[in-house]
Amino acid sequence: MSETFRSDEHPDAQSAVAGHLYVVATPIGNLADLSPRGQTILRSVDRICAEDTRNTGMLLSHFGISKPLTALHEHNEAGLVSSLIEMLQAGRSLAVVSDAGTPLISDPGFALVRAARAADLPVITVPGPCAAIAALSIAGIPSDAFSFVGFLPSKASQRRERLRELGTQSNTLIVYESSHRIADCLDDLASVLGPTRRVCLARELTKRFEQSVVMPAVELVAWLAADSNRTRGEFVLVIEGAPAAGVGRAEHERLLRVLLKELSPSKAAKLAAELSGGRKSELYALALEINGGDGVAGVE
Ligand code: SAM
């Protein structure tokens, strides 16, 4: 049976425990998103392993925390792991943080966590922001099954090849992208996955200029080109999965229009999923769209 705690009674709420490794999520833009528990743990561990000690130093000083820091990034992680494991075994407590969001998600920390697991040391999560999950949660694109892709290759030919591999998957894809490649990436998305594939572009999440739009890939290319400000900042793309083989959106729509004459959106979607092999969640969203967002229309 699962055990839950009130925030003030969790065994780790007060302070870090000797020999424990804490994986702490930090804000992706809005400093208020560092959780109270995250602050408590960062305040009480013996040492913090940080992707960039200057960035983390600024975060810590905002919260009035002063702590010994060790730089832990992709170039030194493998070499540092054994000494960090020795510290934990000697009873020190450690936190690992990255520049933004959840460590290990396109960020350092994996080698340390794996080594701690291998050494049978407790690894504790202090969860919080993650740009991929934040974007998925606001995209309105099916979230029941998704693949986190991280960054696509920067070389155009390799990026297109990777998109061809991913493009047949029926689950949602989540991609990270930088400002200088976002336009090329969207061009490739539209040409490899097709102009009608729906994509959510989410930029600057939790920051002053947060923006998120959902539209077919080809329209998104034009939307981005229309205003140079839209290419600024940090991006997540949430890409709708490929339609079920053989049955495209047009056929789903035709099927649903017939069923919606007699049934509620939920029943129509269930039946359409059985008939077409498509996903019920997608068909339900489409049914609502056809009904003009009115989830109660139709006869039970
Ligand atoms: N570990 C981080 C996480 O949990 O999201 C991701 C780190 S990865 C090196 C950085 C990328 O995450 C950025 O290039 C961008 O694609 C995405 N990202 C981070 N912060 C973001 C934000 N505020 N809005 C949109 N995307 C963001």
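The values are calculated or read from the model by the stated rules, or taken from the named source; none is laboratory data. The structure presented is a predicted model; accordingly, all values stated were derived computationally and were not measured. For neighbour counting, all protein chains shown are included, and Cβ atoms are generated from backbone atoms with ideal geometry for every residue, glycine included.
Say we look at the range 68-94 and pick out the residues that are aliphatic (A, V, I, L, M) and touching a His at 6+ places or on another chain (Cβ under 9 Å); which of these is farthest from the ligand (Cβ to nearest atom)?
It comes out as Leu88.
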Note to self: Whether any residue in the range 278-285 is modelled with pLDDT of 90 or more, polar (S, T, N, Q) and over 30 Å from Ser179 (Cβ atoms) is what I want to check.
What the structure shows: no
Check: Among all residue pairs at least 6 apart or on different chains, which show Cβ distances below 6 Å where the first residue, located in the range 87-98, is assigned by TED's automatic domain parsing to the domain that holds Lys67 and in contact (Cβ under 8 Å) with a residue 24 or more places away in the chain and the second is hydroxyl-bearing (Ser, Thr, Tyr) and not in a loop (DSSP other than H, G, I, E, B)?
Finding: Ala95/Tyr22; Val97/Thr26; Val97/Thr56
Item checked: Ser106, sole failed condition from (1) touching a Gly at 6+ places or on another chain (Cβ under 8 Å); (2) on the phi < 0 side of the Ramachandran plot; (3) within 16 Å of the ligand (Cβ to nearest atom) -> (2)
Note to self: Taking the condition of being touching a Leu at 6+ places or on another chain (Cβ under 8 Å) and either buried (at least 17 other Cβ atoms within 10 Å of the Cβ) or not assigned by TED's automatic domain parsing to the domain that holds Thr40 (or both), how many residues in the range 99-114 meet it?
What the structure shows: 4
Notebook entry, point to check: Name the strands (runs of 3 or more DSSP E) wholly within the range 152-218 that hold at least 2 residues that are assigned by TED's automatic domain parsing to the domain that holds Gly29 and in contact with a helix residue (DSSP H, G or I) (Cβ under 9 Å, 6 or more places away or on another chain)?
Noted result: none
Next item on the list: Check the range 110-129 and report whether any residue there is outside any helix (DSSP H, G or I), in contact with a Cys (Cβ under 7 Å, 6 or more places away or on another chain) and more than 16 Å from the ligand (Cβ to nearest atom).
Entry: no
Next item on the list: Might you check whether a residue that is away from the ligand (no atom under 16 Å from the Cβ), closer than 22 Å to Phe148 by Cβ and either in the same structural domain as Arg160 (by TED's automatic domain parsing) or not aromatic (Phe, Trp, Tyr) (or both) occurs anywhere in the range 260-278?
Entry: no
Next item on the list: Give the range 8-44 a look and list any residue that's modelled with pLDDT under 95 and of a type in the set (Ser, Thr, Tyr), or say none.
Entry: Ser15
